[in-house]
1. Rounded to the nearest Å, what's the spacing between the alpha carbon centres of the stretch 40-61 and the stretch 119-178? Just the number, please.
2. What residues of the stretch 47-82 lie in the reach of a label at residue 33, counting those whose backbone N is under 13 Å from a point 7 Å from the Cα along Cα→Cβ?
3. Between 42, 122, 101, which gets the highest mean-square fluctuation from a Gaussian network model of the chain, Cα cutoff 10 Å?
4. Dividing the convex hull volume of the alpha carbon atoms of the chain by its residue count, what do you get in Å³ per residue?
5. Over 14 Å apart: what share of the alpha carbon pairs of the stretch 121-172 falls there, rounded to a whole percent?
6. Take every Cα-Cα distance within the stretch 115-206, group them into 10 Å bins from 0 onward, and report for each bin the whole-number percent of pairs it holds.
7. Grab the alpha carbons of the stretch 78-153, take their convex hull, and tell me the volume per residue in Å³.
8. Using only the Cα atoms of the stretch 37-93, each taken as one equal point scatterer with no solvent, compute I(q) by the Debye sum, divide by I(0), and report log10 of the ratio at q = 0.20, 0.27, 0.31 Å⁻¹.
């Protein structure tokens, strides 16, 4: 009986492992559509306004895809965010969203560049406030709903900081976590401060 129970337990564990692998495999298939903008390896493409996705935490990707689908993000004057709404809609079920997120989080982060005119040394001091939630090396903290930043290009970080500051992002009544970022973005005095902190964040990924 003990042997049977042991075999059953092993089978159960094997089933769980296989299920996780199948989810990522299914996500890879669904990602083909996304790769047209975000790149084959999810490295991002500034020319297409598509951020890097490789190595980002699955929970954060799931939330953002759900927000795009629900109209919580990517509405109004968020021109580039609006482009994501129909793309998110190509993932009709929650399982589809989770599969893609699982696949993307399994990828190695892309090489990070910081050529957006920011001063990483100056940005280091500004990042001290961000580190309280996002971590000393931009590793993120799901308990604080703070995504990983070290996997992202500086140009995209700058755009999102500006979106939070202007209210294009985080102002929707149902975006409680985005709303947390608005006062933080407002602490950056001007565009150069945004570039500086983004340059420092980009340096964390190298």
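1. Answer, in whole Å: 15.
2. 69
3. 122
4. Values: hull volume 28.5 nm³, N = 206.
Cα-based convex hull of the chain, divided per residue, equals 139 Å³.
5. Numbers: 797 of 1326 pairs.
Pairs farther apart than 14 Å: 60 percent.
6. 19, 54, 25, 2
7. Numbers: hull volume 10.9 nm³, N = 76.
Roughly 143 Å³ of hull volume per residue.
8. -0.78, -1.25, -1.30
The numbers here are math on the coordinates, done by the rules we state, and not lab data. None of the values given here were measured: they were computed from a predicted structure. A quick note on method: Cβ atoms are made from the backbone with ideal geometry, for glycine too, and the neighbour counts reach across all protein chains shown.
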